[in-house]
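Trainee: Got a structure for you, questions after.
Bear in mind that the values in this text are calculations on the coordinates, not laboratory data. Bear in mind that the values here come from a model prediction, so they are computed numbers and not experimental data. In this analysis, Cβ positions are derived from the backbone assuming ideal geometry, glycine residues included, and neighbour counts consider all displayed protein chains.
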Amino acid sequence: MGFVASTPAARHLGAALALTALLPGLGACTKDSHGSSTPPASSPPSSIPVRAPAPRANGPFPVRLGVGLAVLTAERCDPAEARRVCSVDRSRSWAPLGSPRPVTVTDVRTHLADQHTSWTTAVRFAEADRTALRRAAKQATATGGVVLVLDADRGVLAAIPPSTIEGGAAVLTGLDKPTAWSLVEGFAPD
């Protein structure tokens with residue numbers, strides 16, 4: 001006579017056999033080689049989240065404000081060339097239109113955008129420079145150029161689309177983190 005799988009005795013026997021097979025494996029997780037109980041070791045985290053504060057540069061920063069047209073070329077920009085101004089890393093160049101005017105940037109700040117997919121950077125100018133900023137934005141719009149914020153060595157700290165300028169600030173949206181952070185750090189390098 002054999003067991004019928006659906007009888008209570010057969011089900012109890014099957015459960016007991018399964019439990020007996022698992023016990024040695026369970027004991028290995030909770031006892032060391034001397035038989036004492038120890039908690040199972042946890043694996044170290046694969047990464048540790050770090051929150052760095054978003055950079056900001058508090059001015060005042062004396063700069064020059066101009067207008068320029070982007071120059072598309074494969075060569076690196078040469079800052080010695082009189083008819084060109086270069087990005088700080090010399091990867092981009094612009095042909096300046098007219099003479100730049102002295103203005104003051106009061107602060108530059110960046111923050112993570114609402115959807116956490118991009119960064120927003122604001123460049124704020126002194127109240128007294130709003131008229132110069134508005135004129136530069138108007139000229140850039142008329143010529144298809146950008147507003148250039150230049151340092152003392154004619155290096156371009158920011159190339160600002162005129163559509164981003166309102167009042168005394170330029171608000172640049174949709175930036176990736178390296179671009180946003182380097183824009184701020186360009187005004188106040190450590």
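Trainee: Could you point to the residue in V105, T179, S118 farthest towards the positive end of the range 78-190's charge dipole, with +1 and -1 charges on the Cβ of Lys/Arg and Asp/Glu respectively?
Mentor: The Cα lying farthest towards the positive end belongs to V105.
Trainee: Hey, can you rank 158-166, 80-88, 62-70 by average C-beta count inside 10 Å, highest first?
Mentor: Peptide ranking by packing, descending: 62-70, 158-166, 80-88.
Trainee: Something else about it: 5 Å is the cut-off here: which amide hydrogens, built 1.01 Å from N in the peptide plane, fall below it relative to L157, excluding neighbours closer than 5 in sequence?
Mentor: Placed amide hydrogens put V149, L150, D151 under 5 Å from L157.
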